[in-house]
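Visitor: Sharing a structure here in C-alpha coordinates format.
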Amino acid sequence: MAHNPGFLKLVNEAKSRIKETDIQGYKKMLADGQEAVLIDVREDNEWAAGHAAGAMHLGKGVIERDIETRIPDKNTRLVLYCGGGFRSALSADALQQMGYADVISLDGGWRAYQQSGLPVEK
(Lines give C-alpha, C1' and ligand atoms only; values in the text may rest on other atoms or scores of the structure.)
Protein backbone atom coordinates (compact mmCIF):
# COMPACT_ATOMS: atom_id res chain seq x y z
CA MET A 1 0.00 0.00 0.00
CA ALA A 2 1.34 3.44 -0.95
CA HIS A 3 1.13 5.89 1.94
CA ASN A 4 0.96 9.65 1.77
CA PRO A 5 4.05 11.66 2.75
CA GLY A 6 2.37 13.44 5.68
CA PHE A 7 1.29 10.11 7.17
CA LEU A 8 4.77 8.63 6.72
CA LYS A 9 6.35 11.67 8.39
CA LEU A 10 4.02 11.25 11.37
CA VAL A 11 4.79 7.51 11.58
CA ASN A 12 8.55 8.02 11.32
CA GLU A 13 8.46 10.63 14.09
CA ALA A 14 6.47 8.22 16.29
CA LYS A 15 8.89 5.39 15.52
CA SER A 16 11.77 7.54 16.75
CA ARG A 17 10.13 7.66 20.21
CA ILE A 18 8.85 4.09 20.67
CA LYS A 19 10.11 0.53 21.01
CA GLU A 20 9.54 -1.89 18.14
CA THR A 21 10.12 -5.57 17.64
CA ASP A 22 9.80 -7.77 14.61
CA ILE A 23 7.98 -11.10 14.57
CA GLN A 24 11.19 -12.98 15.49
CA GLY A 25 11.60 -10.74 18.55
CA TYR A 26 7.97 -11.31 19.51
CA LYS A 27 8.34 -15.08 19.14
CA LYS A 28 11.47 -14.92 21.33
CA MET A 29 9.48 -13.02 23.98
CA LEU A 30 6.91 -15.81 23.96
CA ALA A 31 9.56 -18.55 24.03
CA ASP A 32 11.27 -16.82 26.97
CA GLY A 33 7.97 -16.76 28.87
CA GLN A 34 7.75 -12.97 28.90
CA GLU A 35 4.19 -11.85 29.54
CA ALA A 36 2.60 -9.27 27.26
CA VAL A 37 -0.90 -8.27 26.25
CA LEU A 38 -1.20 -8.46 22.46
CA ILE A 39 -3.47 -5.71 21.14
CA ASP A 40 -4.86 -5.49 17.61
CA VAL A 41 -5.35 -1.82 16.70
CA ARG A 42 -6.84 -2.49 13.26
CA GLU A 43 -10.36 -1.56 12.16
CA ASP A 44 -13.35 -3.73 13.16
CA ASN A 45 -13.66 -5.28 9.69
CA GLU A 46 -9.97 -6.24 9.66
CA TRP A 47 -10.31 -7.84 13.11
CA ALA A 48 -13.41 -9.78 12.01
CA ALA A 49 -11.57 -11.18 8.98
CA GLY A 50 -8.92 -12.74 11.25
CA HIS A 51 -6.63 -11.86 14.11
CA ALA A 52 -3.92 -13.22 16.37
CA ALA A 53 -5.21 -15.87 18.75
CA GLY A 54 -5.74 -14.42 22.20
CA ALA A 55 -5.32 -10.81 21.08
CA MET A 56 -7.43 -8.00 22.50
CA HIS A 57 -9.11 -5.69 20.00
CA LEU A 58 -8.80 -1.97 20.68
CA GLY A 59 -8.92 -0.20 17.33
CA LYS A 60 -6.76 2.85 16.76
CA GLY A 61 -9.86 5.02 16.81
CA VAL A 62 -10.76 4.06 20.40
CA ILE A 63 -7.60 2.79 22.09
CA GLU A 64 -6.80 6.04 23.90
CA ARG A 65 -10.39 6.28 25.12
CA ASP A 66 -10.66 2.67 26.35
CA ILE A 67 -7.16 1.50 27.33
CA GLU A 68 -7.27 2.69 30.95
CA THR A 69 -10.49 0.75 31.55
CA ARG A 70 -9.26 -2.42 29.85
CA ILE A 71 -5.67 -2.29 31.15
CA PRO A 72 -5.43 -0.03 34.19
CA ASP A 73 -1.88 -1.08 35.15
CA LYS A 74 0.37 1.24 33.17
CA ASN A 75 3.36 -1.06 33.73
CA THR A 76 1.77 -3.93 31.79
CA ARG A 77 3.81 -4.87 28.73
CA LEU A 78 1.72 -4.16 25.64
CA VAL A 79 2.52 -5.39 22.13
CA LEU A 80 0.46 -3.58 19.50
CA TYR A 81 -0.06 -4.69 15.93
CA CYS A 82 -1.88 -3.43 12.86
CA GLY A 83 -1.58 -4.40 9.21
CA GLY A 84 2.09 -3.59 8.81
CA GLY A 85 3.33 -1.61 11.80
CA PHE A 86 2.39 1.99 11.05
CA ARG A 87 -0.86 2.45 12.95
CA SER A 88 0.53 0.44 15.84
CA ALA A 89 3.52 2.80 16.01
CA LEU A 90 1.17 5.80 16.22
CA SER A 91 -0.90 4.07 18.90
CA ALA A 92 2.22 3.08 20.87
CA ASP A 93 3.37 6.69 20.83
CA ALA A 94 0.00 7.88 22.14
CA LEU A 95 -0.07 5.26 24.91
CA GLN A 96 3.42 6.25 26.03
CA GLN A 97 2.22 9.85 26.26
CA MET A 98 -0.60 8.55 28.47
CA GLY A 99 1.95 7.01 30.85
CA TYR A 100 2.13 3.40 29.66
CA ALA A 101 5.73 2.43 30.34
CA ASP A 102 6.24 -0.78 28.33
CA VAL A 103 4.62 -0.45 24.91
CA ILE A 104 6.04 -2.20 21.85
CA SER A 105 4.89 -1.92 18.23
CA LEU A 106 5.11 -5.09 16.14
CA ASP A 107 6.94 -4.13 12.96
CA GLY A 108 5.46 -6.05 10.05
CA GLY A 109 2.14 -6.33 11.87
CA TRP A 110 -0.60 -8.74 10.91
CA ARG A 111 1.09 -9.68 7.63
CA ALA A 112 4.23 -10.84 9.48
CA TYR A 113 2.15 -12.52 12.19
CA GLN A 114 0.20 -14.58 9.64
CA GLN A 115 3.40 -15.75 7.96
CA SER A 116 5.01 -16.67 11.30
CA GLY A 117 2.95 -19.79 11.96
CA LEU A 118 1.58 -18.38 15.22
CA PRO A 119 -2.11 -19.22 15.85
CA VAL A 120 -4.89 -17.09 14.37
CA GLU A 121 -8.64 -16.83 15.05
CA LYS A 122 -11.69 -15.62 13.16
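The values are calculated or read from the model by the stated rules, or taken from the named source; none is laboratory data. In this text, all values refer to a predicted model and were calculated from it rather than measured experimentally. When we count neighbours, we look across all protein chains shown, and the Cβ atoms used for this are built from the backbone with ideal geometry, even at glycine. Please note that ligands, DNA and RNA were not included when accessible areas were found on the heavy atoms of the full protein model with its side chains. Shrake-Rupley method; radii C 1.70, N 1.55, O 1.52, S 1.80 Å.
Visitor: Can you give me the % of accessible surface on the chain that is carbon or sulfur? Probe 1.4 Å, all protein chains present, nothing else counted.
Guide: Of all accessible area on the chain, carbon and sulfur atoms account for 50 percent.
Visitor: Add -39500 (n - 2.57) for each DSSP H run of 4 or more in the chain, then divide by its residues: what number comes out at 222 nm, to the nearest 500 deg cm²/dmol?
Guide: -12500 deg cm²/dmol
Visitor: Can you put 118, 78 in order of accessible area, largest first, using a 1.4 Å probe?
Guide: From most accessible down to least: 118, 78.
Visitor: What ratio of Cα Rg to 2.2 N^0.38 Å holds for region 40-84?
Guide: 1.14
Visitor: State the extension gain, in nm to one decimal, for the chain segment bounded by residue 114 and residue 13, taking 0.36 nm per residue of separation less the distance between their alpha-carbons.
Guide: 33.7 nm
Visitor: With point charges of +1 on the Cβ of Lys and Arg and -1 on the Cβ of Asp and Glu, referenced to the Cα centre of the chain, which listed residue (112, 91, 33) lies farthest in the positive direction of the dipole?
Guide: 112
Visitor: Viscosity 1.567 mPa s, temperature 4 °C: give me the Stokes-Einstein translational D for the chain in µm²/s, with Rh taken as the Kirkwood radius over C-alpha pairs.
Guide: In µm²/s, the coefficient is 90.
Visitor: Another question about this same structure. Which of the lysines could a cross-linker span from residue 19 if the Cα-Cα distance has to be under 20 Å and same-chain partners fewer than 8 positions apart are dropped?
Guide: 9, 27, 28, 60, 74
Visitor: Additional query: Across the chain, where is the longest run that never hits GluC sites (Glu not before Pro) in a DSSP loop with at most 16 other C-beta atoms within 10 Å?
Guide: With GluC sites (Glu not before Pro) excluded where exposed in loops, the chain gives 44-122 as its longest stretch.
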